[in-house]
Amino acid sequence: MTAQMETRPATTSTSVEFVGVTRVFGSTTALAGLDLAIEPGELLALLGPSGCGKTTALRLLAGFDQPTSGEILVDGRDVTRLAVNKRDMGMVFQSYSLFPTMSARDNVAFGLRLRGSAASARRARAGELLDLVGLSAHLDKFPHQLSGGQQQRVALARALAIAPRVLLLDEPLSALDALVRAQLREEIRRIQLELGVTTVFVTHDQEEALSMADRVGVMRAGRLEQCDVPSVLYQRPATAFVAEFVGTMNQVPGVIGADGRVQVGTQALSVDGPVPAAGVAVSVLARPEAVLIEPLAAVDARSPSDATVLVATFFGAVTRLRLVRADGVELLADVASHRAAELTPGTAVRVSLLDRPVLVRASVPREAEAEHH
């Protein structure tokens, strides 16, 4: 495969930039001033719920739609009004969109045929790309003879055949079962790194985004809430929406002390980021893996922050516990499954948080937070 890949047209890494891009449909604002720079060779995932604007951004970049205002730059060149076929972008859709009467090889070679490539060059290139996606044994099969995962591999090879400047992936794995999705995630990332092609990946699946992307942009209601590397996005969410959308997040009541630390039950923890004024009630953001629990002996005195196990859900190596504190606050805690036998529903436990700096948010009603956004 190495020798083959050396003969293919080189993919030049390309930068992409959205500058103040808006898209309005009647009374609906799909994008509200998107500013986003994508580095050459980067895989950037746009993550968010349905209707957040991520697919609109992808369609604008592809040229299938035009913004109401703002500019889209590719390697510094304004392509905002450029026709689709002039942008040199490859796109993979959720629905595969293969030609049913063409073999896998002919599907992959289709874009090259439109560009006037010689038949021998088209066949060689198609064979090379199908080998790259692990389908060299299926060159002459038709789409109906291939599984969903194999069809999506053909669609990926077809998008790559034209050596695109930018690869666009629109929910390409959502129609596949869990095992195939996991396999294709790894394959897409391997191929993207091997070719060095700048890639924009749209998904509503946080696991896909965090496992595949160099950076993840979380979108909400047409706005980019945060764009960062997966570890920062997970560990230091910039907004309460990001905290709750990316992974699972507990919000534990606390109060800022005179020393600038936050008091949570009997614990005083350092604050990561801006510190509210002393005496301010806050929500401490804590992932389930940062919630520590120990069974309480029957003779132990219980404090208001102690809790009772409500439900234990087995996830293999980890068991997730749903707890309710004596003051009514519910928490999720992840523990190693070998400990779960002693933490059955009804078990009284002492709860604490991992002793490390924590993110806090001023406690406000959810309605007020929604209005703010």
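Quick note: the coordinates plus some simple rules give every number you see, no bench work behind them. Keep in mind the model is a prediction, meaning the values are calculated, not measured. Note that each Cβ is placed from the backbone with ideal geometry, even for glycine, and that neighbours are counted across all protein chains shown.
Using a Gaussian network model on the chain with a 10 Å cutoff between Cα atoms, which of 235, 145, 206 fluctuates the most?
Looking only at 235, 145, 206, the largest GNM fluctuation is found for 145.
With a sphere of radius 15 Å drawn around the Cβ of residue 347, what net charge do the other residues whose Cβ falls strictly inside it have (Lys, Arg +1; Asp, Glu -1)?
On the way: positive: 302, 320, 322, 325, 339, 350; negative: 294, 300, 306, 342.
Charge balance near residue 347 sits at +2.
I'd like the orientation of helix 148-161 relative to the chain: the angle between its Cα long axis and the longest Cα principal axis, in ° from 0 to 90, rounded to 10.
60
How high is the FRET efficiency from residue 314 to residue 175, r the C-beta distance, R0 25 Å, rounded to 0.05? Could the numbers behind the result be given before it?
Numbers: r = 28 Å, r/R0 = 1.13.
It comes to 0.35.
Of the options 277, 312, 352, report the single residue whose Cα projects farthest towards the positive end of the charge dipole of region 234-373 (beta-carbon charges: Lys, Arg +1; Asp, Glu -1).
Farthest along the dipole direction, towards plus: 312.
Which label marks the calculated value of Cα extents along the principal axes in Å, given the options (i) 56, 46, 43; (ii) 61, 44, 40; (iii) 83, 47, 36?
Recomputing Cα extents along the principal axes in Å here gives the entry labelled (iii).
Of 34, 210, 239, which is farthest on the positive side of the dipole of region 2-240, counting Cα position, with +1 on Lys and Arg Cβ, -1 on Asp and Glu Cβ, and the Cα centre as origin?
It is 34.
Which percent, nearest 5, of DSSP beta bridges in the chain are antiparallel?
On the way: 56 of 75 bridges.
Roughly 75 percent of the DSSP beta bridges within the chain come out antiparallel.
For the chain, modelled as a Gaussian network with Cα springs under 10 Å, which listed residue fluctuates most, 58, 139, 169?
139
Between residue 124 and residue 78, what length comes free when the chain is fully extended (0.36 nm per residue of separation minus the Cα-Cα distance, one decimal in nm)? Kindly include the intermediate steps, with their values, before the conclusion.
On the way: separation 46, 0.36 × 46 = 16.56 nm, distance 3.40 nm.
Gain in length upon complete extension: 13.2 nm.
At 7 Å along Cα-to-Cβ for each site, give me the label-to-label distance between residue 266 and residue 37 in nm.
Going by the 7 Å Cα→Cβ label model, 5.1 nm.
To make sure I understand, if each residue's beta carbon is the centre and we count other beta carbons within 10 Å, what order do 305, 337 fall in, fewest to most?
337, 305
Between 36, 47, 82, where does the largest GNM mean-square fluctuation fall for the chain, given springs only between Cα atoms within less than 10 Å?
Sorting by GNM fluctuation, first place goes to 82.
Which whole-Hz couplings ³J(HN,Hα) result when phi for each residue of region 188-198 is put into the Karplus expression 6.51 cos²θ - 1.76 cosθ + 1.60, θ = phi - 60°, listed in order with x for Gly and Pro?
Using θ = phi - 60°, the values come out as 4, 5, 4, 5, 4, 5, 5, 8, x, 7, 4 Hz.
Would you work out the charge dipole size for the chain about its Cα centre, treating the Cβ of every Lys and Arg as +1 and the Cβ of every Asp and Glu as -1, and quote it to the nearest 20 debye? It would help to have the intermediate numbers written out before the result.
Numbers: 37 positive and 41 negative charges, 229 e Å.
Roughly 1100 debye, rounded to the nearest 20.
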